[in-house]
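Enquirer: Before I ask anything, let me first share the structure, which is written out below as structure tokens.
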Amino acid sequence: MVVPTEVISMDNAIDKLIDGLVYLEIKVDGFRSCAYNPPNSEYKQLKYLLDQQSLIGQVDRIGPMPNWPLRQITHEEMAAYHKSQSPLPITPERKNWFVYDILTSVEYAKTFMFMHQIDKEDQILLLRAVVLKLMHLNQSFFSYENKFDIILHPDGTVPPHLLDKHCNFPPPEHFKYINKTPEDVKAEWTSSIKAFATYGMDKKEYVLFKAITLCNSSISGLSDHAKEIVDREKEKYSQALMKYCLSNRGMKGPSHYAAIIALSNGLESKQKNQKDLHVILRMQKKGFVHELVDDVMEESI
């Protein structure tokens, strides 16, 4: 049987596309584990970060963070750090993972060529609509790969509010503002990890779905030019994921593809909850003020 040249060329193109995304993910993991741990002033608004050289490209020069793994931080230590309003990290080796992984997701998005084919205003609108989703995917798949059923950070710690109740850590103060129990919050933060385990998602499926998540054109205010480019990219990654699922999952390929795409609903819900909580905390004047976090939390419809 002779396989048509067009089929071979398409398969080769998909393989190269996936290989590029897997390589990028290796660099993203390296950025999370590197010694870069800037003061709060470096977490700038999106318009400034978009003008800066990619930090992911500097991972090899920066090198790995020393002294990891770290001991688990407590609620009391974190509360004291927030109260201090220090402009520096809590220690040189301990990152603020929420804001650092937001930065990581911005830097990830900056590596895509199509991002540089749309205007800065469109770039900002797009990032506001997807960065929290990308962050959650990044944290969840890293935890899943390391066989954790809760969020695991590269330094070996987990978010204190996700620890089991028997650890005797009180829940964060902001829980009272969202009308949720610690168990509810834990279930929400671990839902993607459980889904990855249920579906047996592999690395290639993950990187394709992550790229699809970045390509969200259903945003109010996005220019027609940007929508056309983003839609084109989303179609490219969606077709690649479908073909990969068909090739590797056989008869279950279409349903497996549909199950992966359906994860978008949970990401959307979690992002909305995070943005709602951010508004409440700002009204209560709670927590650190980061220009980057405030910018990302701006609502995009």
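Enquirer: Surrounded by 18 or more Cβ atoms within 10 Å (Cβ to Cβ) and closer than 19 Å to Ser140 by Cβ - does that describe any residue in region 56-65?
Expert: no
Enquirer: Now a separate question. From the set of residues in region 188-205 that are among the charged types (D, E, K, R) and over 16 Å from Gln271 (Cβ atoms), which is surrounded by the fewest Cβ atoms within 10 Å (Cβ to Cβ)?
Expert: So, considering only residues that are among the charged types (D, E, K, R) and over 16 Å from Gln271 (Cβ atoms), the one surrounded by the fewest Cβ atoms within 10 Å (Cβ to Cβ) is Asp202.
Enquirer: Residues Leu267, Leu263: which one is of a type in the set (A, V, I, L, M, F, W, C), within 24 Å of Thr104 (Cα to Cα) and either at pLDDT 95 or above or surrounded by fewer than 17 Cβ atoms within 10 Å (Cβ to Cβ) (or both)?
Expert: Answer to the selection: Leu263.
Enquirer: Can you name the number of the only condition in (1) in a loop (DSSP other than H, G, I, E, B); (2) over 24 Å from Glu107 (Cα atoms) that Glu299 fails?
Expert: Only one criterion in (1) in a loop (DSSP other than H, G, I, E, B); (2) over 24 Å from Glu107 (Cα atoms) is unmet by Glu299, namely (2).
Enquirer: Still on this structure, I have one more. Tally time: how many residues in region 281-291 are in contact with a helix residue (DSSP H, G or I) (Cβ under 7 Å, 6 or more places away or on another chain) and modelled with pLDDT of 80 or more?
Expert: Residues in region 281-291 being in contact with a helix residue (DSSP H, G or I) (Cβ under 7 Å, 6 or more places away or on another chain) and modelled with pLDDT of 80 or more: 1 in total.
Enquirer: Determine, yes or no, whether Phe196 is more than 30 Å from Asp119 (Cα to Cα) and modelled with pLDDT of 95 or more.
Expert: Judged against the criteria, Phe196 is a match.
Enquirer: Determine whether region 241-256 contains at least one residue that is among the aromatic types (Phe, Trp, Tyr) and either outside any helix (DSSP H, G or I) or under 18 Å from the mean Cα position of the chain (by Cα) (or both). Steps first, please.
Expert: First pass over region 241-256, keeping only residues among the aromatic types (Phe, Trp, Tyr): 244.
If we keep only those that are either outside any helix (DSSP H, G or I) or under 18 Å from the mean Cα position of the chain (by Cα) (or both) as well, we get none.
No - not one qualifying residue is present in region 241-256.
Enquirer: I need the full set of residues from region 81-108 which are part of a helix (DSSP H, G or I) and within 21 Å of the chain's Cα centre (by Cα), in order please.
Expert: Trp97, Phe98, Val99, Tyr100, Asp101, Ile102, Leu103, Thr104, Ser105, Val106, Glu107, Tyr108, listed by residue number.
Enquirer: Provide a single number: the residues in region 1-34 that are within 23 Å of Met135 (Cβ to Cβ), surrounded by 12 or more Cβ atoms within 10 Å (Cβ to Cβ) and either among the aromatic types (Phe, Trp, Tyr) or at pLDDT below 95 (or both).
Expert: Final tally of qualifying residues: 1.
Enquirer: When you look at Leu70, is it over 15 Å from the mean Cα position of the chain (by Cα) and assigned to a loop (DSSP other than H, G, I, E, B), yes or no?
Expert: Yes, satisfied.
Enquirer: Looking only at region 66-120, how many residues end up being of a type in the set (Ser, Thr, Tyr), modelled with pLDDT of 95 or more and buried (at least 17 other Cβ atoms within 10 Å of the Cβ)?
Expert: Result for region 66-120: 4.
Enquirer: Further, regarding this structure: Hey, among Ser255, Ser238, which residue is among the polar types (S, T, N, Q), at pLDDT 95 or above and surrounded by 15 or more Cβ atoms within 10 Å (Cβ to Cβ)?
Expert: Numbers: Ser255 fails: surrounded by 15 or more Cβ atoms within 10 Å (Cβ to Cβ).
When all the criteria are applied, what remains is Ser238.
Enquirer: Moving on. List, please: which pairs have Cβ atoms under 9 Å, are six or more places apart or on different chains, and start with a residue in region 1-17 that is in a loop (DSSP other than H, G, I, E, B) and end with one that is at pLDDT 70 or above and not aliphatic (A, V, I, L, M)?
Expert: Taking only residues 6 or more apart or on different chains, the pairs are Val3/Asp11.
Enquirer: Another question, if that's okay. Only one of (1) outside any loop (DSSP other than H, G, I, E, B); (2) under 18 Å from the mean Cα position of the chain (by Cα); (3) within 21 Å of Ala109 (Cβ to Cβ) fails for Phe196. Which number is that?
Expert: Unmet for Phe196, out of (1) outside any loop (DSSP other than H, G, I, E, B); (2) under 18 Å from the mean Cα position of the chain (by Cα); (3) within 21 Å of Ala109 (Cβ to Cβ): (3).
The values are calculated or read from the model by the stated rules, or taken from the named source; none is laboratory data. It should be emphasised that the depicted structure is a prediction, and the values quoted were computed from it without experimental measurement. Every residue, glycine as well, gets a Cβ built from its backbone with ideal geometry; the counts of neighbours run over all protein chains shown.
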